[in-house]
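Enquirer: Have a look at this one before I ask anything.
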Amino acid sequence: MSTKSTASSVTPQPEGAKGPGDPRQAPINARLKPADKIELYRTMVRIRRFEERSLRAYQAKKIGGFLHLYIGQEAVAVGCCSLMGPNDHVITAYRDHGHAIAVGMDTKPLMAELYGKITGCSKGKGGSMHYFDPSRNFWGGHGIVGGQIPLGTGLAYALKYKGLKGAAMAFMGDGAVNQGAVHEAYNLAALWDLPVIFVIENNGYSMGTSQARSSAGDLARRAEGYHMAWGVCNGHDVLEVRSVMNEFLQRAREQSKPAVVEIKTYRYRGHSVADPDRTYRDKSEIEEYQRTKDPINVYRTALITNKVFDEAAADQIDTEARAEADVAADFAEASPFPTADDIQKDVYWETDNPSQRTSGGRLFFT
Amino acid sequence: MPLITYREAIRHALSEELDRDPNVVIMGEEVAQFNGAYKVTEGLLAKYGPKRIVDTPISEAGFIGAGIGASMLGIRPVMELMFWSFYSVAFDQILNNAANVRYMSGGQINCPIVIRGPANGGTNVGATHSHTPENVLANHPGVKVVVPATAYDAKGLLKSAIRDNDPVFFLENTMLYGEKGEVPEGEYTIPLGVAEIKRAGTDLSIITYGRSVLYALAAAERLAAEKKVSVEVVDLRSIRPLDVDTVLASVARTHRVLIVEEQKPFASVGAQLAFTIQREAFDELDAPIHRVTTVDAPAIYSSPVEIEQLPTPNRVYLEALKVLA
Ligand SMILES: Cc1ncc(C[n+]2csc(CCOP(=O)(O)OP(=O)(O)O)c2C)c(N)n1
Ligand SMILES: [Mg+2]
């Protein structure tokens, strides 16, 4: 746990959102009980072990297509989602395994989805990029860069419309910020005072393109053009993520104000498992992050230093997370595939609920 | 003739046109420094430099629109969509601007742009990444749509597309990038709008395009071996302009038609074809026209089922037997 947070800043706004100071002192963190802290740690470890296991399954050709790993970024999803109340919602892009686990989805159906099995969280229909669990306020999992951001804005619109005190967190990458739909969503959110936090997970690269080669200017500062509050935070420190995000979330819930928060993070793996990751960055850059900023190691060291747990307890959590990932893989392996009969299910509400159909005419064609 | 891959054939076409015309510019996500998401543009940045091989941010509406604008002033942009599936982000630019500007200006403005990239399913990436928009595109008068099945066709058609004065949408296939075919070293072009009979036959015409051509050929071999049926395979190559004459001549020879397309069935390319055939060759038909399409649903992720959702040689074979019955 880093005690300073030099990268953090929030522009002065009429509402007066402030920088986080020492994230450990922030009330949202100070009130954490040892068990809560351990739970934050455990969730990050569970995400990492789940993804490492999925990578092995991919290499064994149990999983195909795209597999975008979140390894290195765990503190972002865990920090943000740990702040969720009953009316808070999450939506993200295709690098979605971390968010899915952080909102509480069971890893068995998550792994089964990667395997394309009927027991998957989307019945084998969505795949790695398209996880969903509305029962946990998790609205996906979206494959088109930037496409989820207007949806997140719409979740916030619905919250406000219904008079619920909640906020939507709409996650995107540093490359996604250049999609037109993102800017349209920013304007709507600011114009209509919607309780949405646009979270930019800045891992430095969009595929093989560094942030400097894809974006003019500072990413979060673009919010100023829309008179939105914004902040930047260190995404390697789960507590700083919590303290910074909490301010904006409170503001959204209480005052229905949007914001843009850029969270600096880093991905260790290629863009997807298929990316050989040799052309656009040095191995030494990755190793430097792993050595000095790994979100799991940073937090583990802090918890040991602060005597929240000891080495043995931390190792035990790791062992359990590995076992959980193996159980998920065994479950996926043992589960059946969907069949050709499943292809046309889940297309229309009416054909899935034929007794309540009100329209006439033919819905499917050959 | 040298055997090269479909991917290399496209690269050769790009390179030759870059050499020939200084106004040709290649633009897209990851096309330059990363050498292309599917390595189609590999080596072009090193050879032609950053003025002509341009990496863009992930802003399809912005850069495709900019390419359309540049083409109005005489640049010949060849834009790569990493997947044709992402065309929807630039839909307004492609189908309002590129398709309409010539008409709305009373013929004063031309739009010599090429947009190219893969458009196919079968790669286990789910519904957002598996669109096959040739029918949607071809629905817009003012645009041209090309879907090559072989390395030879890909090269010759792409060169023609780049020289064409109208917007040409060039739909490739990630499953074909590694397929090898004979391609001559020297200069050649294939005009748009000319179908090719990939296999001659007398009992049944399979009209198809894109990767389905390979499946039709496989099914034709099996039908010959197992049922002693002689199947003609017509590869449209170009969807708009559409070589109706070659199709009708084939129908006049075989009197039976099976359309095979990696398309959802509703208002597909095959639907237009079936209408045209019955309208212009009704008396030639000895049986109703049949069709093999993608099963009508968004693309399923699960790999073994996804294969079944798309045309397969076996589905083509079984449907052919029905037309012949
Ligand atoms: C509209 C669209 N264009 C392109 C792509 C291909 N693509 C997928 S991810 C990606 C890079 C996105 O980078 P970033 O937003 O930084 O997110 P990260 O992958 O780093 O999490 C690209 C170009 C896509 N899926 N959708
Ligand atoms: Mg990124």
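Enquirer: Averaged over peptide B:57-64, how many Cβ atoms belonging to another chain are found within 10 Å of each residue's Cβ? If you can, show how the numbers build up before the last one.
Expert: Working: counts 11, 15, 10, 6, 3, 3, 1, 0.
Taking all residues of B:57-64 together, the mean is 6.
Enquirer: Shifting gears a bit: May I ask which of A:Lys293/B:Lys51; A:Lys264/B:Lys51; A:Lys61/B:Lys159; A:Lys108/A:Lys345; B:Lys155/B:Lys198 have a Cα-Cα span longer than 28 Å here?
Expert: Long pairs (Cα-Cα over 28 Å): A:Lys293/B:Lys51; A:Lys264/B:Lys51; A:Lys61/B:Lys159.
Enquirer: Under a 1.4 Å probe, what is the accessible area of the protein assembly as shown per residue, stated in Å²? It would help to have the intermediate numbers written out before the result.
Expert: Details: 27180 Å² over 691 residues.
Accessible area per residue: 39 Å².
Enquirer: Another one. Using amide H atoms built in the peptide plane, which far-off residues or other-chain residues are under 5 Å from A:Ser272 H to H?
Expert: For A:Ser272, whose amide H was placed from the backbone, there are no distant partners under 5 Å.
Enquirer: Picking from A:Gly85, B:Gly74, B:Thr150, whose Cα lies most toward the positive end of the charge dipole for the protein assembly as shown (charges on Cβ: Lys, Arg +1; Asp, Glu -1)?
Expert: A:Gly85
Enquirer: Residue-wise, which Karplus ³J(HN,Hα) couplings in Hz belong to segment A:127-136, taking 6.51 cos²θ - 1.76 cosθ + 1.60, θ = phi - 60°, and x for glycine or proline?
Expert: Residue by residue, segment A:127-136 yields x, 3, 7, 10, 7, 8, 7, x, 5, 10 Hz.
Enquirer: Okay, next question. How much of B:Thr132 can a 1.4 Å solvent probe reach, expressed as accessible area in Å² and rounded to 10?
Expert: Here the residue's solvent-accessible area equals roughly 30 Å².
Enquirer: Pop a pseudo-label 7 angstrom from the Cα along the beta-carbon direction at both B:Ala249 and A:Ala60 and give the gap in nm to one decimal.
Expert: 5.6
Enquirer: Would you give the gap between the C-alpha center of segment A:201-270 and the C-alpha center of segment A:88-137, rounded to a whole Å?
Expert: Answer, in whole Å: 23.
Enquirer: Taking amide H positions as placed in the peptide plane 1.01 Å from N, state which residues far from A:Gly173 in sequence (5 or more) or on other chains have amide H under 5 Å from it.
Expert: Residues meeting the amide H criterion: A:Glu201.
Enquirer: Residues of B:289-302, mean number of Cβ from any other protein chain within 10 Å of their own Cβ, rounded to a whole number?
Expert: Details: counts 0, 1, 2, 1, 2, 1, 6, 7, 9, 6, 3, 13, 16, 18.
What the average comes to for B:289-302 is 6.
Enquirer: Near B:Lys180, which aspartates and glutamates are there with a Cα under 13 Å away, not counting those fewer than 8 places off in the same chain?
Expert: Qualifying aspartates and glutamates at Cα under 13 Å: B:Glu8, B:Asp153.
Enquirer: Say R0 is 35 Å: what FRET efficiency, to the nearest 0.05, do A:Arg278 and A:Asp218 get from their beta-carbon distance?
Expert: Values: r = 29 Å, r/R0 = 0.83.
Given R0 = 35 Å and the Cβ-Cβ separation, E is 0.75.
Enquirer: List the lysines whose alpha-carbon lies under 20 Å from that of A:Lys257, not counting same-chain residues fewer than 8 positions away?
Expert: A:Lys18, A:Lys160, A:Lys162, A:Lys165
Enquirer: Please sort B:15-26, A:196-207 by packing, taking for each peptide the average over its residues of neighbouring beta carbons within 10 angstrom, highest first. Please list the in-between numbers first.
Expert: Working: B:15-26: 17.5, A:196-207: 25.1.
Going from most to least packed, we get A:196-207, B:15-26.
Enquirer: Per residue of segment A:207-218, in order, report the coupling 6.51 cos²θ - 1.76 cosθ + 1.60 (Karplus, θ = phi - 60°) as ³J(HN,Hα) in whole Hz, putting x for Gly and Pro.
Expert: 6, x, 10, 6, 4, 5, 8, 10, 10, 7, x, 7
Enquirer: Provide the per-residue ³J(HN,Hα) series for segment B:96-106, in order, calculated from phi with Karplus coefficients 6.51, -1.76, 1.60 and θ = phi - 60°, each as a whole number of Hz, with x at glycine and proline positions.
Expert: Going residue by residue, I get 8, 7, 4, 6, 9, 5, 4, 5, 5, 8, x Hz, with x marking Gly and Pro.
Enquirer: Same structure again: With each label point set 7 Å from Cα along the Cα-Cβ vector, what nm distance links B:Thr202 and A:Arg136?
Expert: Between B:Thr202 and A:Arg136, the label points sit 6.5 nm apart.
Enquirer: For chains A and B, what's the summed buried accessible area, probe 1.4 Å, to the nearest 100 square angstrom?
Expert: Values: alone 16580 and 13480 Å², together 27180 Å².
Approximately 2900 Å² gets buried when A meets B.
Enquirer: If you take every DSSP beta bridge fully contained in chain A, what fraction is antiparallel? Give it as a percent rounded to 5. Don't jump to the answer; show the numbers that get you there.
Expert: Numbers: 5 of 27 bridges.
Given both bridge residues lie in chain A, the antiparallel proportion sits at roughly 20 percent.
Enquirer: If you take the square roots of the eigenvalues of the alpha-carbon gyration tensor of segment B:3-182 and sort them as a ≥ b ≥ c, do you get rounded (a/c under 1.5), prolate (a/b over b/c) or oblate? Numbers along the way, then the final one.
Expert: Values: a/c = 1.44, a/b = 1.19, b/c = 1.21.
Verdict is rounded for segment B:3-182.
Enquirer: What's the extension gain from A:Asp315 to A:Gln290 if we count 0.36 nm per residue and subtract their Cα-Cα distance?
Expert: 7.2 nm
Enquirer: Could you work out [θ]222 nm for chain A from helices alone, using -39500 (n - 2.57) per DSSP H run of at least four and dividing by all its residues? Round to the nearest 500 deg cm²/dmol.
Expert: -12500 deg cm²/dmol
Enquirer: Next up: Mind checking which lysines have their C-alpha under 17 Å from B:Lys47, skipping anything on the same chain fewer than 8 residues away?
Expert: Here the lysines satisfying the reach criterion relative to B:Lys47 are B:Lys39.
Enquirer: Right, another one. Suppose R0 equals 22 Å. What FRET efficiency, 1/(1 + (r/R0)^6) with r the Cβ-Cβ distance, do A:Asn87 and A:Asp36 give to the nearest 0.05?
Expert: On the way: r = 21 Å, r/R0 = 0.94.
Efficiency computed from Cβ-Cβ geometry: 0.60.
Enquirer: Would you mind telling me the share, in percent, of accessible area of the protein assembly as shown contributed by carbon and sulfur at probe 1.4 angstrom? Don't jump to the answer; show the numbers that get you there.
Expert: Details: 14480 of 27180 Å².
Solvent-exposed carbon and sulfur of the protein assembly as shown make up 53 percent of the total.
Enquirer: To the nearest 20 debye, what charge dipole does segment B:196-324 have about its Cα centre, counting +1 at the Cβ of each Lys and Arg and -1 at the Cβ of each Asp and Glu?
Expert: On the way: 15 positive and 18 negative charges, 31 e Å.
The calculated dipole for segment B:196-324 is roughly 140 debye.
Enquirer: How high is the FRET efficiency from A:Asp341 to B:Gln108, r the C-beta distance, R0 56 Å, rounded to 0.05? Walk me through the numbers before you get to the answer.
Expert: Working: r = 55 Å, r/R0 = 0.98.
Once the sixth-power term is evaluated, E becomes 0.55.
Enquirer: Related question: Defining a contact as two alpha carbons under 8 Å apart and six or more residues distant in sequence, what relative contact order in percent does segment B:3-182 show?
Expert: Numbers: 361 pairs, mean separation 48.7, N = 180.
Answer for segment B:3-182 is 27 percent.
The values are calculated or read from the model by the stated rules, or taken from the named source; none is laboratory data. Just so you know, these numbers come straight off a predicted model, no measurement behind them. No Cβ is skipped: glycine too gets one built from the backbone with ideal geometry, and neighbour counts run over all protein chains shown. Note: accessible area is taken over every heavy atom of the protein model, side chains too, but ligands, DNA and RNA are not part of it. Shrake-Rupley method; radii C 1.70, N 1.55, O 1.52, S 1.80 Å.
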